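**Student:** Dumping the structure here so I can ask a few things about it.
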Amino acid sequence: GELITIDPFTDKVTRTMKVGPEPNQLAVTPDGKFAYVPVNDGHWEVIDLAAGKILKRIFTDGRPHNTLCSPDGKRMYLAPMGSPHKVTIVDVAKHEPIGEIPFSNVVRPVALSADEKRLYAEVDGLVGIEVADVATRKMIHRVPAELAPELKTQASRSHGIGIRPDQKEIWTCDVEHGLVQVFDRTVEPPKQIATIEMGGTVYWLTFSPDGKVCYVSVRGKNDVAAVDTETKKIFTRIPAGEVPKRLIVLTLPDKKPAAAN
């Protein structure tokens with residue numbers, strides 16, 4: 001039940017504050033002013049990061065789990081697990097819900113296009129993705145992944161999703177099959193163009209800022225696989241702790257910013 005702030009230059013904890021129970025995937029506005037933290041009592045907590053205090057609690061029901069911020073920092077997308085089967089959109093200026101996007105089942109990780117026109121969701125019961133039109137608040141495509149015949153009888157789920165920075169592809173993790181599936185998102189609906197074998201169960205992925213590398217947490221091998229996004233080949237594996245799950249890539253400036261007066 002804590003939100004921990006870490007200085008990425010020193011890897012030292014600089015602040016710890018109490019939040020609600022079992023916080024999960026949070027998101028921070030690009031200006032660093034607000035964090036939206038999902039906690040396991042049906043709420044997202046809106047935190048003023050400079051003051052280190054909770055400003056508001058937004059109720060969505062279900063189990064708050066995954067959070068995305070729009071590139072311009074004006075909206076948050078709140079994706080609870082459980083019965084809601086929807087993503088709630090929040091106006092960051094007022095910290096008020098302004099809309100909902102329904103999906104077919106329990107919502108898992110989500111991804112938002114840079115132009116904020118499309119929201120992609122992984123949902124329970126589907127290896128693949130569902131696609132929503134943000135403007136109309138409607139789910140418009142359900143795209144099952146193409147699987148080899150021998151895998152169709154083996155239960156799995158998608159958990160881990162990301163849009164390549166050039167916005168041309170969307171990548172997803174197929175957990176129990178140990179695969180990453182790549183979809184061309186320049187067409188509607190997105191079309192699967194590659195399947196990458198990871199050698200173990202997978203859980204999460206993220207890209208380098210230039211889009212040349214996709215990092216995949218391979219929890220079945222206790223490592224992170226680095227994939228060349230052009231060739232779709234693993235070129236190295238990075239040893240990690242036991243059962244790695246979520247991960248993030250940071251690019252630090254050459255010098256640490258001076259402290260504000």
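The values are calculated or read from the model by the stated rules, or taken from the named source; none is laboratory data. Predicted, not measured: the structure shown is a model, and the values here were computed from it. For neighbour counting, all protein chains shown are included, and Cβ atoms are generated from backbone atoms with ideal geometry for every residue, glycine included. Please note that ligands, DNA and RNA were not included when accessible areas were found on the heavy atoms of the full protein model with its side chains. Shrake-Rupley method; radii C 1.70, N 1.55, O 1.52, S 1.80 Å.
**Student:** Can Tyr215 be described as touching a Leu at 6+ places or on another chain (Cβ under 7 Å) and either surrounded by fewer than 14 Cβ atoms within 10 Å (Cβ to Cβ) or of a type in the set (Phe, Trp, Tyr) (or both)?
**Tutor:** yes
**Student:** Something else now. Which of the residues spanning region 32-43 are part of a loop (DSSP other than H, G, I, E, B) and farther than 15 Å from Arg63 by Cβ?
**Tutor:** Gly32, Lys33
**Student:** From the list Val249, Val202, Val243, exactly one residue is within 20 Å of the chain's Cα centre (by Cα) and open to solvent by less than 40 Å² (accessible area, probe 1.4 Å). Which is it?
**Tutor:** The match here is Val202.
**Student:** I've got another one for you. Does Thr67 qualify as being of a type in the set (S, T, N, Q), in a strand (DSSP E or B), open to solvent by less than 30 Å² (accessible area, probe 1.4 Å) and within 15 Å of Gly162 (Cα to Cα)?
**Tutor:** Yes; evaluated as a whole, the condition is true for this residue.
**Student:** How many residues does region 109-124 hold that are crowded, with 21+ Cβ neighbours inside 10 Å and closer than 15 Å to Val187 by Cα?
**Tutor:** 3
**Student:** Among the candidates Ile161, Ile98, Ile129, single out the residue that is out of contact with any His (no Cβ under 6 Å at 6 or more places or on another chain), among the β-branched types (Val, Ile, Thr), within 30 Å of Ile47 (Cα to Cα) and surrounded by 15 or more Cβ atoms within 10 Å (Cβ to Cβ).
**Tutor:** Ile161
**Student:** Can you pull out the residues in region 5-46 that are over 22 Å from Leu205 (Cα atoms) and among the aliphatic types (A, V, I, L, M)?
**Tutor:** Matches in region 5-46: Val13, Met17, Val19, Val39, Val46.
**Student:** Look at region 125-175 and say how many of its residues are closer than 21 Å to Pro244 by Cα, out of contact with any helix residue (DSSP H, G or I) (no Cβ under 9 Å at 6 or more places or on another chain) and in a strand (DSSP E or B).
**Tutor:** Total satisfying the criteria: 9.
**Student:** Same structure again: So if I check each of Glu176, Glu230, Glu188, which one is farther than 25 Å from Ala114 by Cβ and either open to solvent by 40 Å² or more (accessible area, probe 1.4 Å) or aromatic (Phe, Trp, Tyr) (or both)?
**Tutor:** Glu176
**Student:** Tally the residues that are open to solvent by 40 Å² or more (accessible area, probe 1.4 Å) and either within 22 Å of Gly73 (Cα to Cα) or not in a loop (DSSP other than H, G, I, E, B) (or both), restricting the search to region 1-31.
**Tutor:** Residues in region 1-31 being open to solvent by 40 Å² or more (accessible area, probe 1.4 Å) and either within 22 Å of Gly73 (Cα to Cα) or not in a loop (DSSP other than H, G, I, E, B) (or both): 18 in total.
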